[in-house]
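Below is one structure, written out as structure tokens, with a few remarks after it.
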Amino acid sequence: MESDRRLRQWEKASEWPLTAAALVFLVGYAWPILDPGIADTWRTVCVVASWSAWGLFVIDYAGRLTLAPHRLTFVRKNLLDLAVVVLPLLRPLRLLRLVTLLTVLNRRAGGSLRGRVAVYVAGAAGIVMLVASLAILDAERGRDDATITTFGQALWWAMTTVTTVGYGDTYPVTTQGRFVAVGLMLAGIALIGVITATFASWLIERVQEVEEAAQDVTKRDILALREEIVALRRSLESGRDVTARDAPRPAAESGD
């Protein structure tokens, strides 16, 4: 359909500009968190850059919604995009658009689906942990009873949470921090599920290859044996013909 073609063209044309906007958003969001003593001028620049990037995301969503052939279906399939656009508190989740950078690495991952999944899982895990570390540090810093007060502690918490280890030495004490923790837990479960499924797929494929190789060997052996039997049969038939030709014939009886 014409609308589908235009939607694909829009998404292809906006991919790299939105990736650049996501990088700008990342810098504008992370800088004040990592450097609380940043000058007011630079803090204002970060705020303006973040909101400008968010504005581009709003334009992108509106453009895709306008071009979608079935708008209700588009909304249902892109609820996270809608939530991130509508709810400012979820704007950090828009950093997941940085996954589009992985398309460059994806070209080197090989043609197999498993190779592409491995690239996306590794990239998504790194981005999710980075975003969660920034979000939890932003939420927890300044609380007297906080256990996460530095970026190192935030990153350690994110790594132990996303891998479902959870040592318990660092944990969120604020409501916003706990919401971040819930999201990271769900992301960790999803990533582990993808990794497990990918490994299972690889193992099944290896077993199938071994079985197919064994079947190929058996088929080749059967064909070779069949050819040997045919050759032996032809040799026996040829030997019988030669014997029949060389055998002495009885003398013809003379008549009276």
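Could you give each residue of region 121-135 its phi-based ³J(HN,Hα) in whole Hz, using Karplus coefficients 6.51, -1.76, 1.60 with θ = phi - 60°, and x for Gly or Pro?
After applying 6.51 cos²θ - 1.76 cosθ + 1.60, I find 5, 4, x, 5, 4, x, 5, 4, 5, 5, 5, 5, 4, 5, 5 Hz.
With a point put 7 Å past each Cα toward its Cβ, work out how far LYS219 is from VAL47 in nm, to one decimal.
7.0 nm
Return the long-range amide H neighbours of GLY166 (sequence gap of 5 or more, or a different chain), with a cut-off of under 5 Å between placed amide H atoms.
Answer set, sorted by chain and number: THR161.
Stokes-Einstein D for region 1-70 at 4 °C, 1.567 mPa s, Kirkwood Rh over Cα pairs, in µm²/s?
96 µm²/s
None of the figures in this text is laboratory data; all of them are computed from the coordinates on show. For clarity, every value in this text was computed on a predicted model and none was experimentally measured. Reconstructed Cβ throughout: ideal geometry from the backbone, glycine too, with neighbour counts over all protein chains shown.
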